[in-house]
Amino acid sequence: MDIKGNTAVVSGGASGLGEGAVRMLAGEGANVAIFDINAERGERLERELDDAPGMVKFLIVDVADAASVSAGLETCVSDLGAPRILVNCAGIAPGQKICGSKGPHDLDLFKKVIEVNLVGTFNTCRLFAEIALAADPKESGERGVIVNTTSVAAYEGQMGQAAYSASKGGIVGMNLPIARDLARDGVRCNAVAPGIFLTPLLEGLPEEVQESLAKGVPFPSRLGQPAEYASLVREIITNQMINGEVIRIDGATRLQPR
Ligand SMILES: NC(=O)c1ccc[n+]([C@@H]2O[C@H](COP(=O)([O-])OP(=O)(O)OC[C@H]3O[C@@H](n4cnc5c(N)ncnc54)[C@H](O)[C@@H]3O)[C@@H](O)[C@H]2O)c1
């Protein structure tokens, strides 16, 4: 799928990895709708990218809310055009052990993480798919492409990551069936599994903790940059043979128990 001249939706696009994807897509000439709940960051990014080759529009959208995503997509279609590209980055990562000194894991917290990370990803995929399937195919036969964001924690979650890992494992599990469901109509679905990336999520940690995280990465021994994540997203969007796959981008990291 070409990036230039097409419309993209980036959930969680106001910050971190999603922001990296928004910058890449707008820089390469796509119109981009940012779906996020952080209005301050989203509006700032929209203003900053005002003179990018592609148009950027921030919309307050809660990915876990069906009506909110439907309304966001409706505005996207009318203001920027029907989206051909969906990049899902919205996510949260609160930690809690299955049973700790304060008692068993809060069940509502578990449900919340699943609701945002897994249900939110599924929700945007299903509503995006409806639009993509209604569009005319490109000359290549392609109608659209989805890039979801899981995590290496889907495979080797650390202590306190049961909820997060379950949500990210769900994204891995549904990747191939979604790709199969949409294959006949020329819509691809893939997921990226990042290791440890320097985003506002991690920037809040003390420098020595960041350094120790970086040391645990075999090569390169540093935290990943959102632009490196965005570069893989670009490859997935533009390379038609990548379909039904989950790709790790982690400098050979294998998360330790803690
Ligand atoms: N940073 C890392 O090291 C890392 C590693 C592996 C996976 N990931 C995944 O990458 C994605 C992006 O992470 P990040 O590090 O850029 O985090 P981030 O906190 O910088 O960005 C996440 C964005 O999602 C938005 N968001 C949260 N809940 C939402 C909702 N209900 N609806 C719409 N938007 C919502 C937030 O407002 C925020 O702008 C997440 O799914 C995360 O799990 C990150």
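What follows draws every value from the coordinates through simple rules; no lab data is involved. Everything quoted here is computed from the prediction, not taken from an experiment. Don't worry about glycine lacking a Cβ; one is built from the backbone with ideal geometry, like all the others, and counts go over all protein chains shown.
Sparse packing (at most 13 other Cβ atoms within 10 Å of the Cβ) combined with a DSSP loop state is found for the following trypsin sites (Lys or Arg not before Pro) in segment 70-154: Lys97, Lys102. Both radii were evaluated on the Cα set of the chain; the Rg over Rh quotient, with Rh as the Kirkwood radius, amounts to 0.96. Each stretch of four or more DSSP H residues adds -39500 (n - 2.57); spread over every residue of the chain, this sum gives -13000 deg cm²/dmol at 222 nm. Going by neighbour counts of Cβ atoms within 10 Å, the residues Ser15, Ser151, Ser70 line up, fewest first, as Ser70, Ser15, Ser151. Using a/c under 1.5 as the rounded threshold, could you call segment 166-258 rounded, prolate or oblate? The axes a ≥ b ≥ c are square roots of the C-alpha gyration tensor eigenvalues, and prolate needs a/b larger than b/c, oblate otherwise. Prolate is the answer for segment 166-258, as a/c is 1.5 or above and a/b outweighs b/c. Ordering Val113, Leu80, Ala66 by Cα displacement along the dipole of segment 39-119 toward the positive end leaves Val113 in first place; charges were set at the Cβ atoms of Lys, Arg (+1) and Asp, Glu (-1). Computed over segment 91-200, the convex hull of the alpha-carbon atoms projects to a mean area of 8.1 nm².
Between segment 176-223 and segment 8-22, the C-alpha centres lie 13 angstrom from each other.
Distant-in-sequence amide contacts of Thr149, defined by a placed amide H-H separation under 5 Å and a gap of 5 or more residues or a different chain, comprise Asn88, Val192.
For the cross-link pairs Lys57/Lys138; Lys4/Lys57; Lys4/Lys215, the ones whose C-alpha atoms lie over 26 Å apart are Lys4/Lys215.
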